[in-house]
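What follows is one structure encoded as structure tokens, with my remarks underneath.
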Amino acid sequence: MRPVKGRKADAKHKVFSQQQGNWRSCGVIVALLLLIASPCSSQTTPPDKAPETPWTQYLQKHPGLLEEVGALASKLYGGVRFPAPRNASRLLPLLPQSTSVYAAFPNYGETVHQALNIFRQELQESSALRDWWQHGELAEAGPKVERGLETFYQLFGYLGDEIVLAASSHSKPPDLLVAAEIRQPGLKLFLQQKLKEFGQPASVRVFDPQELATAENRPGTQDLIVLVRPDFVAMAIDVGTLRTFNARVERAGREFALTAFGRRVAQEYEGGLTTLAAADLGELLNGIHFAGEKDKESFEHTGFGDVQYLVMDHKNVDGKGVSLTELSFNRARRGVAAWLAAPAPMGSLDFVSPKAVAAATLILQSPAQVFDDVRDLATTDNPSAFAAVDAMEQMFNLSLKRDVLSQLGGEVTTELDSTFPTPAWRLILRVNDAGRLQQSLATLLLAAHFPTEQREERGVTCYTVRIPSQKTKEIGYAFVDGYLIAASSREAAVEAVRLHRMGESLAKSKRFLASVPPGHSSNASAMFYENPLAVSALPLLAQAPELAVSLGQVAGEAPLVTGWAYGEPTAIRGASLNPAVDAAVILVAAAIAVPNLLRSRMAANEASAVGSIRTVNTAQIAYASLYGDRGFAPGLATLGPNPDGTTIASADHASLLDASLAGPTCTPGAWCQKAGYRFSVTATCKGRRCEGYVVTASPVSNDTGVRSFCSTTDAVIRYSTTTALVAPLSAAECRAWTPLR
């Protein structure tokens, strides 16, 4: 074994000279060791010794391990070669014409093999690493990991340079297909041998084209079907999918390559790429079923109904690996999709510390317009959603939109600072009218009974707000050069102003400027920044403060992780030098917004359904009080208005609910629809008097909600995640459900 001291010095030198891949590796390794060390937390420490953390206990158990792992990380980074870029795909034309999701990955078999050889070499040379791997907690799992990686290398040795995954939304469940070229013969025999070694799982079936012709799907199973041709291998969960693929290969079909989405995907190969993922979001949205026209109009109002494609890939630009993302629209961005403004200078970054752990900047078109859009969306199904805001505005004689949001310029930056042992935070906002905004803030703080102190410091008027609690918290803020700087303390706010005036901010640092991807500008619409080593140190503050401080001290040397987004009239684009944490972090949020908006709609539908049940319970109590001889109302229509349009209430039409929930057709046991849910009231009656009732709410479809709700005379609302109900519940069935908390 080489001396640990020499290896440690060598590793330390390399750590400071390597690129950011080292730091990501170190972050992963630190996390791995912490997870492994967690069982050590049960160990006790003799009273005559200083308290030990699980981390220090683990390192004492494995002396020299941290240095050896650092040396291994450096060798892996320097000795592993990644697959070369690809300029075209032979697989793309062979995919189904209906493909709406496409992903392509390089063959990492050789890369994994290189890494495994380096690791095995280090095991031979390092007794500390070898002891940890072969005799520690990994003694049983370690050899299995090695065998698994070796099998991975052998399998991918049969495959070509690219593996493609395709999915079609035209069927339910979607058709999935994984395909690759075959580099050398023998794959079918290899697969059969490995399946036999693993116990030959019955759910994996391997066929050649002749065997596939007579194969059948097995009902009630989730088989993985593998087709091995002399030129291609393909996998699916349906025999028919593979037969269709085989037929396309035979006739050299190019249907997908001729579609608009296929041409868009093929365009990304120009100039070379390593990984690619794309989705035809417009086609995927066509398969969404809305509960009604109101829901459809509400979604269209967000502007995400105009989405076209999401494309993410990793390319080589000017000798650097760049991750690129595009979310495109079939018309000019509007609604929520238009909140992100066009690229502009990010002056708020001039107040961010170069020691920041993380920071993010967002430039919005108009905060006031965002407020209006949020209000419109929230009040579509619940007109009283902003009742509390309206009451607050009336109480304080203040308009949130006019007096606060309209005074903001739309640029906002958040920062988490690496001040040890207590991290600090800052919030920087561009301001249109500082004087008017300060008046509004003073009004709100006074109404909230938060004491505020004003003082001059370094020529800046600083405000300190004290928030009473078990431990009084302070927030400092100041207005400087068109920006509002709020921070976790007055000192943190003053320091931000100093950085701005002295030109020592993050925005002026060479490391930060070097993180801008080639061919892109630091004038952007959004930016995400992270110092990965400093972030790794934060969770260690409680468990291993000595290690956290040590990592914090060297974090200033670590390369940065940044992602940049650029708003265009019909697209949002992103770029990053970091394939692991890149612009996808920013832009996938926009792409995820589509299904998330749908999930938000379902959540709103569920909240509305629960509110409606509460309203029915209240109406039933009122009805029983007004018409004691009748007891409870037998159906929703009885609680609703008179169908003849008169306002006179009676025992048959009590006018306790409006027609949206209790129309004339909402008779006992019948379903009535509102906000994506169907409602029904049934009652237990003797003659004309009803002693009990059940109100049931069930989603119209799986797209409008995932839970059903009910309540009885006890007024407890209960729920179940069953499928949409066909018939209303009985009281006993309702009481068996889980109470809503």
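The values are calculated or read from the model by the stated rules, or taken from the named source; none is laboratory data. As the structure is a prediction and not an experimental result, all values here were calculated from the model. Neighbour counts are summed over all protein chains in view; Cβ atoms, including those assigned to glycine, are modelled from backbone coordinates with ideal geometry.
Quick notes on this one:
- Residues satisfying the stated conditions in the stretch 659-684, i.e. out of contact with any Phe, Trp or Tyr (no Cβ under 8 Å at 6 or more places or on another chain) and of a type in the set (S, T, N, Q): S660, T665, T667
- Residue identified as under 22 Å from A341 (Cα atoms) and either surrounded by 18 or more Cβ atoms within 10 Å (Cβ to Cβ) or modelled with pLDDT under 85 (or both) among L551, L484: L484
- Check on S126, buried (at least 17 other Cβ atoms within 10 Å of the Cβ), of a type in the set (S, T, N, Q) and within 26 Å of N316 (Cα to Cα): no
- Among (1) touching a Pro at 6+ places or on another chain (Cβ under 8 Å); (2) under 25 Å from K296 (Cα atoms); (3) assigned to a loop (DSSP other than H, G, I, E, B); (4) not polar (S, T, N, Q) - the single one P668 does not satisfy: (2)
- Residue in the stretch 231-238 that is within 30 Å of G335 (Cα to Cα), modelled with pLDDT of 85 or more and small (G, A, S) present: no
- Total residues in the stretch 256-285, condition closer than 10 Å to Y309 by Cβ and either surrounded by fewer than 19 Cβ atoms within 10 Å (Cβ to Cβ) or in contact with a Ser or Thr (Cβ under 8 Å, 6 or more places away or on another chain) (or both): 7
- Among residues of the stretch 85-119, those that are aliphatic (A, V, I, L, M), modelled with pLDDT of 90 or more and either assigned to a loop (DSSP other than H, G, I, E, B) or within 30 Å of the chain's Cα centre (by Cα) (or both), counted: 7
- Only one of the numbered conditions (1) more than 35 Å from the chain's Cα centre (by Cα); (2) over 25 Å from S488 (Cβ atoms); (3) among the aliphatic types (A, V, I, L, M); (4) part of a helix (DSSP H, G or I) is violated by L398, and that is (4).
- Given (1) at pLDDT 90 or above; (2) among the small types (G, A, S); (3) on the phi < 0 side of the Ramachandran plot, number of the condition G410 does not satisfy: (3)
- Filter result (touching a Pro at 6+ places or on another chain (Cβ under 9 Å), in a loop (DSSP other than H, G, I, E, B) and not small (G, A, S)) within the stretch 216-264: R229, P230, I237, R254, E255
- The set of residues in the stretch 447-468 being within 40 Å of the chain's Cα centre (by Cα) and modelled with pLDDT under 85 consists of A447, A448, H449, I467, P468.
- From the list D295, D313, the one residue that fits, being of a type in the set (D, E), in contact with a Ser or Thr (Cβ under 9 Å, 6 or more places away or on another chain) and over 23 Å from E270 (Cβ atoms), is D295.
- Remark: pairs (first residue in the stretch 123-140, part of a helix (DSSP H, G or I); second residue at pLDDT 80 or above and exposed (fewer than 14 other Cβ atoms within 10 Å of the Cβ); Cβ separation under 8 Å; 6+ apart in sequence or on different chains) = R130/Q124.
- Matching residues in the stretch 707-723 - criterion: being surrounded by fewer than 17 Cβ atoms within 10 Å (Cβ to Cβ) and touching a residue at least 40 places away in the same chain (Cβ under 8 Å): A715
- Of all residues in the stretch 67-91 being without any contact (Cβ under 8 Å) to a residue 40 or more places away in the chain and not aliphatic (A, V, I, L, M), the one that is nearest to D318 (Cα to Cα): R81
- Single match in A279, A291 (criterion: modelled with pLDDT of 85 or more and either closer than 21 Å to V336 by Cβ or of a type outside the set (F, W, Y) (or both)): A279
- Within the set V352, V307, the sole residue that is among the hydrophobic types (A, V, I, L, M, F, W, C), closer than 23 Å to N531 by Cα and touching a Leu at 6+ places or on another chain (Cβ under 6 Å) turns out to be V352.
- The residue list L155, L94 contains one member that is surrounded by 14 or more Cβ atoms within 10 Å (Cβ to Cβ) and touching a residue at least 60 places away in the same chain (Cβ under 8 Å), which is L94.
- Here the condition is being without any contact (Cβ under 8 Å) to a residue 60 or more places away in the chain, in a loop (DSSP other than H, G, I, E, B) and under 23 Å from L400 (Cβ atoms); of F450, F479, it holds for F450 alone.
- Matching residues in the stretch 286-342 - criterion: being assigned to a loop (DSSP other than H, G, I, E, B), surrounded by 20 or more Cβ atoms within 10 Å (Cβ to Cβ) and either out of contact with any strand residue (DSSP E or B) (no Cβ under 8 Å at 6 or more places or on another chain) or of a type in the set (A, V, I, L, M) (or both): A291
- Cβ separations smaller than 7 Å between residues 6+ apart or across chains give the following pairs from the stretch 348-370 residues that are over 17 Å from M527 (Cβ atoms) to residues that are at pLDDT below 90 and crowded, with 21+ Cβ neighbours inside 10 Å: K355/D417; K355/S418.
- Options A732, A651; residue that is loosely packed, with under 15 Cβ neighbours inside 10 Å, out of contact with any helix residue (DSSP H, G or I) (no Cβ under 7 Å at 6 or more places or on another chain), modelled with pLDDT of 90 or more and outside any loop (DSSP other than H, G, I, E, B): A732
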